[in-house]
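Below: the structure, in structure tokens.
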Amino acid sequence: MYLGAFCMSGVKSAASKRKDLPMSQDYHSLSHSKWDCKYHIIFIPKMRKKQLYGDIRARLREIFHALATQKDCRIVQGYLMPDHVHMLIEIPPKHKVSEVVGFLKGKSAIAIAREFGGKTRNFNGEHFWARGYAVSTVGLEEEVIRTYIRDQEKDEHAAEAGRF
């Protein structure tokens with residue numbers, strides 16, 4: 001289990017770096033707010049089947065980035081393992097995390113079914129992703145989480161195929 005990586009060591013140095021930056025470089029802006037909302041999200045395919053490989057793996061990278069942009073979000077870093085997805089994503093405070101995750105999972109399942117399952121028209125009931133997800137907020141530990149996501153696979157060739 002990776003929860004040990006979320007300890008408070010290194011927070012002091014990250015906080016001091018953050019204070020040195022002007023607010024405009026570190027935060028995004030909406031009409032009445034400045035924000036820096038990042039989340040570490042993990043979700044799995046239905047029945048945790050090892051389905052995220054080959055062409056699907058490469059295409060999901062593009063699909064996730066395009067869908068995140070539609071919700072004014074940005075995927076900072078992501079990794080596709082054969083049986084689960086890790087992503088570090090910025091979500092503006094005007095959107096609920098559950099809404100964004102549901103949108104990413106739902107629309108990506110439809111895109112996968114259309115491209116790889118032979119579906120050609122609108123449809124409901126296709127289940128590619130499992131129902132739940134795990135989420136944690138990312139504060140000053142962003143670099144720890146980036147390292148954790150980056151080091152999912154140690155094999156260089158396999159690691160490059162999963163990044164998005």
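So which strands (runs of 3 or more DSSP E) stay within region 29-144 end to end and still have 1 or more residues that are touching a Pro at 6+ places or on another chain (Cβ under 8 Å) and closer than 21 Å to Arg163 by Cβ?
Numbers: elements: 33-35, 38-43, 74-81, 84-90, 134-138.
Here the list reads 84-90.
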Subject >> Pairs with Cβ under 7 Å, 6+ apart, first in region 67-81 and in contact (Cβ under 8 Å) with a residue 60 or more places away in the chain and surrounded by fewer than 19 Cβ atoms within 10 Å (Cβ to Cβ), second among the charged types (D, E, K, R) and in a strand (DSSP E or B) >> reply: Val76/Lys38; Val76/Glu90
**OP:** Give the residues of region 103-131 that are under 30 Å from Lys34 (Cβ atoms) and either in contact with a helix residue (DSSP H, G or I) (Cβ under 9 Å, 6 or more places away or on another chain) or at pLDDT 95 or above (or both), sorted by residue number.
**Re:** Phe103, Leu104, Lys107
Original post:
Assuming Phe164 fulfils every condition listed in (1) out of contact with any helix residue (DSSP H, G or I) (no Cβ under 9 Å at 6 or more places or on another chain); (2) modelled with pLDDT under 80; (3) surrounded by 16 or more Cβ atoms within 10 Å (Cβ to Cβ) apart from one, which condition is it?
Top reply: (1)
**OP:** Can you work out which of the residues in region 136-160 that are of a type outside the set (Ser, Thr, Tyr), surrounded by 15 or more Cβ atoms within 10 Å (Cβ to Cβ) and touching a Phe, Trp or Tyr at 6+ places or on another chain (Cβ under 9 Å) is modelled with the lowest pLDDT?
**Re:** Glu153
Subject >> Complete set of residues in region 96-115 that are within 15 Å of the chain's Cα centre (by Cα) and of a type outside the set (A, V, I, L, M, F, W, C) >> reply: Lys96, Ser98, Glu99, Gly102, Lys105, Gly106, Lys107, Ser108
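The values are calculated or read from the model by the stated rules, or taken from the named source; none is laboratory data. Predicted, not measured: the structure shown is a model, and the values here were computed from it. Note: ideal-geometry Cβ built from the backbone for every residue, glycine included; neighbour counts use all protein chains shown.
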